[in-house]
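See structure below.
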Ligand code: MIC
Ligand code: SF4
């Protein structure tokens, strides 16, 4: 049978289930990655499952999210991660080595393999031909122990690229165009495959930028072929031996074909407050800008940074603008330093930030109140920058650098500056000294646990009957950042009782207290929400902390993939309304009951919730596989695997 690239990779890793669209399949995972924000819980759960060593070909633990060490918590977490990695055979990437997705692409990504990462932008690896998927930390822990990863056998859309990017049109604009076409919702269960004659004009880091923001469309992953361009990139990284060709068979089938002419792509922006709110730079031209941030796992490659340095060379950052630049990896930063590009940035007045997530997640560099911030990152959800009323636009590094100089949105095609057509280097500077690789001697390492390292919380088995109390009725597109605020709060990530105090902090500061009181009164807490509940981050704390607060069900119009899987892993039932109009009839404080709750879920029947205030019967669907139903009724995956 003729196969596309996605089918080739998935069928060669298929270990359970039938390869039938829409059904659940279990695949072998070759590589895993974790980052510090989700990693501590992933390794705590790995330990709680009694696993002795990793069974993957490669597992890497990156420290890139919380590198600002205000107080002891983050330093404790870094030490825990370093020692736990040493003990179980995981490669540890020290803080300062760079952002997980950029570094993984440079040093480890391997065409034709599977990568599972506890971060929603893991699909960046698709740029080098990996089926790279984001998941909750518990799923990654299971995969590290040799367990399968379960996902829906996907629909595959081909993005047929033709033409070539014109000067000042970038990979970022390609993916913003894709966001305009596919939007940020309705793409659950889809994998994108890029193909066509235009592919060869894109470098691996450009492909990675495009694959990275597939996360914002809600697709499971995006994959590029592995061709001569890939081979050259891997050779330049000293990894030619890891290269393998990967292409779709002639006549392979797709569920949908999207034609995209690269020559027609123009500079774009995602306007506040959604990556799907796409505008043309030409239409924003002239609007004043207060802050510019260049970096993140989307746009911080060598080429991106050298391009920015070329634009800034001999120019000064406008007095009204604060410019921060975070090169994506130590490799990029070292090369910039040796090439003199770093000097150009410093001369221009840019502030050099650590090679880490930093500004992207609101850890620092928050804009001023109401400030307009242009960022090269991938998410501009309200308040993510750390400033609630900031107006964040997502743009290419080229547009960002120009705006830093002019102090306003500037259509680069009209700026009268020659386009710096930077080429990929023939050889990257390879220095792996910031990785601590596993060794027999390190196996005896004692795991460090400071006071910030808690225990993964436990759940009860699913109750026979639901005595539900609605704690909040939230709207559409609730992100995991709304549920579990990031930024400064992330330092509590290894301590669930402490982090749980901030659930829905920005929407409803009383949420935590109400839940604790309601739980103490014997209720089962319920969250009600609109469409695409749980967009964004893979942060499993957005399920784990509500679980700690006694939440047993989320009833929504629809769910995003990673979050729905996390809810199941922590024993919270994701229910969808059969009749979406029922959403309007529910109020916070309502009591929702269901006598045969456990039996209905265990048997895969529809669930009927009775609203005691209105007397209405609300029909819900809990469309899960047998495996997922068993996890839910056990009260979560940890209970199931540890037999509690
Ligand atoms: C993000 O970009 O939102 C994060 C922070 O990288 C998250 C992971 C996390 O919550 O730690 C993600 O994308 O999964
Ligand atoms: Fe880090 Fe931002 Fe990328 Fe998330 S999106 S991994 S916070 S750089």
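The values are calculated or read from the model by the stated rules, or taken from the named source; none is laboratory data. Remember, it's a predicted structure, so these values are computed and weren't measured experimentally. Reconstructed Cβ throughout: ideal geometry from the backbone, glycine too, with neighbour counts over all protein chains shown.
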Notebook entry, point to check: So which of 526, 470, 503 is at pLDDT 95 or above and either in contact with a helix residue (DSSP H, G or I) (Cβ under 9 Å, 6 or more places away or on another chain) or within 16 Å of ligand 1 (Cβ to nearest atom) (or both)?
Noted result: 503
Notebook entry, point to check: Before we move on, is residue 240 without any contact (Cβ under 8 Å) to a residue 12 or more places away in the chain and closer than 30 Å to residue 429 by Cα?
Noted result: yes
Next item on the list: Return the total of residues in region 178-191 being crowded, with 21+ Cβ neighbours inside 10 Å and assigned to a helix (DSSP H, G or I).
Entry: 3
Notebook entry, point to check: Can we say residue 211 is without any contact (Cβ under 8 Å) to a residue 12 or more places away in the chain, in contact with a helix residue (DSSP H, G or I) (Cβ under 9 Å, 6 or more places away or on another chain) and part of a helix (DSSP H, G or I)?
Noted result: no
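So which strands (runs of 3 or more DSSP E) are wholly in region 1-66 and hold at least 1 residues that are out of contact with any helix residue (DSSP H, G or I) (no Cβ under 6 Å at 6 or more places or on another chain) and over 18 Å from residue 565 (Cα atoms)?
On the way: elements: 14-16, 24-27, 31-35, 58-62.
In region 1-66, the matching strands (runs of 3 or more DSSP E) lie at 14-16, 31-35, 58-62.
Based on what the data block shows, is residue 216 part of a helix (DSSP H, G or I) and surrounded by fewer than 20 Cβ atoms within 10 Å (Cβ to Cβ)?
Working: part of a helix (DSSP H, G or I): yes; surrounded by fewer than 20 Cβ atoms within 10 Å (Cβ to Cβ): no.
No; evaluated as a whole, the condition is false for this residue.
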Margin query: Could you check region 307-348 and list, in sequence order, the residues that are touching a residue at least 60 places away in the same chain (Cβ under 8 Å), part of a helix (DSSP H, G or I), under 17 Å from residue 399 (Cα atoms) and within 29 Å of the chain's Cα centre (by Cα)?
Written below: 307, 308
Notebook entry, point to check: What single numbered condition from (1) more than 25 Å from residue 11 (Cα to Cα); (2) part of a strand (DSSP E or B) fails to hold for residue 159?
Noted result: (1)
Check: Does residue 138 count as under 18 Å from the mean Cα position of the chain (by Cα), within 16 Å of ligand 2 (Cβ to nearest atom), in contact (Cβ under 8 Å) with a residue 40 or more places away in the chain and in a helix (DSSP H, G or I)?
Finding: no
Next item on the list: Tell me, yes or no, whether region 574-589 has at least one residue that is crowded, with 24+ Cβ neighbours inside 10 Å and at pLDDT 95 or above.
Entry: yes
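From 146, 96, grab the single residue that is more than 15 Å from ligand 2 (Cβ to nearest atom), on the phi > 0 side of the Ramachandran plot and assigned to a loop (DSSP other than H, G, I, E, B). Break it down into steps so the answer makes sense when it comes.
Numbers: 96 fails: more than 15 Å from ligand 2 (Cβ to nearest atom).
Criteria check complete, one pass: 146.
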Margin query: For region 420-459, give me each residue that is closer than 30 Å to residue 631 by Cα and surrounded by 15 or more Cβ atoms within 10 Å (Cβ to Cβ).
Written below: 447, 449, 452, 453, 454, 456, 457, 458, 459
Item checked: Number of positions in region 15-49 that are over 16 Å from residue 143 (Cβ atoms) and surrounded by fewer than 17 Cβ atoms within 10 Å (Cβ to Cβ) -> 6
Notebook entry, point to check: Quick check: anything in region 359-369 at positive phi, more than 16 Å from ligand 2 (Cβ to nearest atom) and out of contact with any helix residue (DSSP H, G or I) (no Cβ under 8 Å at 6 or more places or on another chain)?
Noted result: no
Note to self: Suppose we keep only residues that are farther than 20 Å from residue 359 by Cβ and assigned to a loop (DSSP other than H, G, I, E, B) within region 283-299. Which one would you say is nearest to ligand 2 (Cβ to nearest atom)?
What the structure shows: 287
Item checked: Residue that is in contact (Cβ under 8 Å) with a residue 24 or more places away in the chain and either within 26 Å of residue 16 (Cβ to Cβ) or in a helix (DSSP H, G or I) (or both), where the choices are 598, 613 -> 598
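Based on what the data block shows, is residue 589 in a loop (DSSP other than H, G, I, E, B) and under 24 Å from the mean Cα position of the chain (by Cα)? Explain how you work it out, then say what you get.
On the way: in a loop (DSSP other than H, G, I, E, B): yes; under 24 Å from the mean Cα position of the chain (by Cα): no.
Judged against the criteria, residue 589 is not a match.
Determine, yes or no, whether residue 72 is in contact with a helix residue (DSSP H, G or I) (Cβ under 7 Å, 6 or more places away or on another chain), farther than 20 Å from residue 138 by Cβ and surrounded by fewer than 15 Cβ atoms within 10 Å (Cβ to Cβ).
Values: in contact with a helix residue (DSSP H, G or I) (Cβ under 7 Å, 6 or more places away or on another chain): no; farther than 20 Å from residue 138 by Cβ: yes; surrounded by fewer than 15 Cβ atoms within 10 Å (Cβ to Cβ): yes.
Spelling it out, it is not the case that residue 72 is in contact with a helix residue (DSSP H, G or I) (Cβ under 7 Å, 6 or more places away or on another chain), farther than 20 Å from residue 138 by Cβ and surrounded by fewer than 15 Cβ atoms within 10 Å (Cβ to Cβ).
Working only within region 529-548, note down all residues that are closer than 27 Å to residue 610 by Cβ and touching a residue at least 60 places away in the same chain (Cβ under 8 Å). Even if it seems obvious, please write down each step before you answer.
Keep residues of region 529-548 that are closer than 27 Å to residue 610 by Cβ, which gives 529-534, 543, 546-548.
Matches in region 529-548: 531, 532, 543, 546, 547, 548.
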Check: Within region 370-418, can you find the residues that are surrounded by fewer than 21 Cβ atoms within 10 Å (Cβ to Cβ), touching a strand residue (DSSP E or B) at 6+ places or on another chain (Cβ under 6 Å) and assigned to a loop (DSSP other than H, G, I, E, B)?
Finding: 371
Check: Can you name every residue in region 38-63 that is closer than 22 Å to residue 498 by Cβ and within 23 Å of the chain's Cα centre (by Cα)?
Finding: 38, 39, 40, 41, 42, 43, 44, 45, 46, 63
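Mind telling me which of the residues 329, 320 ends up being at pLDDT 95 or above and surrounded by fewer than 22 Cβ atoms within 10 Å (Cβ to Cβ)?
Numbers: 329 fails: surrounded by fewer than 22 Cβ atoms within 10 Å (Cβ to Cβ).
Within the list 329, 320, the selection yields 320.
Residue by residue, here is whether (1) out of contact with any strand residue (DSSP E or B) (no Cβ under 7 Å at 6 or more places or on another chain); (2) surrounded by 21 or more Cβ atoms within 10 Å (Cβ to Cβ) holds:
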| site | (1), (2) |
| --- | --- |
| 479 | no, yes |
| 500 | yes, yes |
| 516 | yes, no |
| 523 | no, no |
| 531 | yes, no |
| 536 | no, yes |
| 539 | yes, yes |
| 560 | no, yes |
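Hey, which of the helices (runs of 4 or more DSSP H) in region 443-526, taking only ones fully inside, have at least 1 residues that are away from ligand 2 (no atom under 16 Å from the Cβ) and free of Cβ contacts under 8 Å to residues at least 24 places away in the same chain? Please lay out each step first, then the result.
Numbers: elements: 480-483, 496-499, 511-520.
Result: 511-520.
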